[in-house]
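So the structure is just underneath, and the comments pick up after that.
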Amino acid sequence: MNIALIERKCVTLPMRGVLLAGLMACLPVLAKDSAIPMDEEEKQIATDCAALLDQANTRRAMHVVRVQLQAQGMKLVTQGCPFVRTGVGNMQQVLDVRVQVTDSDAAAHFVRGPLADGEEVDMGAVHLGMPGQVHHVDQVQELGAAQQEEVSPDVLFNRQWLAGVMKARGLQTVQDHWWAFVPAATRN
């Protein structure tokens with residue numbers, strides 16, 4: 001969906017910098033207009049992640065994040081829904097996401113580091129410990145220490161930015177996995 005079209009239909013605010021607030025007020029219009037198109041790989045991932053996306057309005061939250069990032073010159077890419085170690089003896093299914101630049105000039109206002117259209121925002125490497133490799137609590141701690149990478153301030157900024165965007169939509173990060181998100185626990 002074209003952001004300019006949404007803006008003409010919904011946003012009457014004097015400052016265009018407040019586009020996100022206008023988009024949030026217009027979710028009913030977004031829902032009835034065509035959604036952001038998905039390619040075949042994205043459809044397969046959505047099918048694989050269906051159970052996780054159906055928890056606590058996660059599907060809607062991800063859609064809102066996609067719209068927000070599109071307005072900021074970026075695209076949220078869901079890589080899949082793997083199971084990751086979240087503690088000793090615990091595995092949890094997570095949303096594995098990356099952010100791709102679609103308009104480097106616009107994206108430069110939100111994230112840091114080298115930006116090129118069609119490339120991912122620099123957030124550092126992904127490290128996954130294989131469950132069969134770790135048998136004792138000491139080995140889990142050693143693996144965690146080995147995975148602590150030296151990252152640039154730009155990478156740290158970008159990770160915090162992504163975590164903030166996702167948290168604002170009800171998704172929380174998984175400790176030691178900057179790319180992994182799960183629905184936040186609901187409060188009764």
Sorted by chain and then number, the residues having a modelled amide H within less than 5 Å of the amide H of Leu171, at least 5 places away or on another chain, are Ala184
Under the Karplus relation with 6.51, -1.76 and 1.60 and θ = phi - 60°, whole-Hz ³J(HN,Hα) for the range 111-117, x at Gly and Pro, equal 10, 10, x, x, 10, 9, 3
Heavy-atom accessible area of Arg85, protein chains in place, probe 1.4 angstrom, given in Å² to nearest 10, is 60 Å²
Under the Karplus relation with 6.51, -1.76 and 1.60 and θ = phi - 60°, whole-Hz ³J(HN,Hα) for the range 61-71, x at Gly and Pro, equal 4, 5, 5, 5, 4, 4, 5, 4, 5, 4, 5
Counting only residues 5 or more apart in sequence or on a different chain, those whose built amide H sits under 5 Å from that of Arg112 are Asn158
Descending accessible area (1.4 Å probe), largest on the left, turns Asp96, Asp105 into Asp105, Asp96
SASA check, Cys49, accessible area w/ 1.4 Å probe, all protein chains in place, rounded to nearest 10 Å², comes out at 0 Å²
Sequence order, the range 91-101: Karplus ³J(HN,Hα) from phi using 6.51 cos²θ - 1.76 cosθ + 1.60, θ = phi - 60°, Hz rounded, Gly and Pro as x, gives 10, 9, 6, 10, 8, 9, 10, 9, 10, 10, 7
The answer for Thr86, listing residues at least 5 apart or on another chain whose modeled amide H is closer than 5 Å to its amide H, is Met91, Gln92
Place a point 7 Å from the Cα of Glu120 in the direction of its beta carbon; the residues of the range 149-188 whose amide N falls under 13 Å from it are 159, 178-180
Checked the range 58-100 against the a/c 1.5 cut and the a/b vs b/c comparison, axes a ≥ b ≥ c from its Cα gyration tensor; verdict prolate
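The values are calculated or read from the model by the stated rules, or taken from the named source; none is laboratory data. Small disclaimer: the values here were computed from a predicted structure and weren't measured. Cβ: placed from backbone, ideal geometry, glycine included. Neighbour counts: every protein chain shown. Side chains included, ligands, DNA and RNA excluded: accessible areas come from the protein's heavy atoms. Shrake-Rupley method; radii C 1.70, N 1.55, O 1.52, S 1.80 Å.
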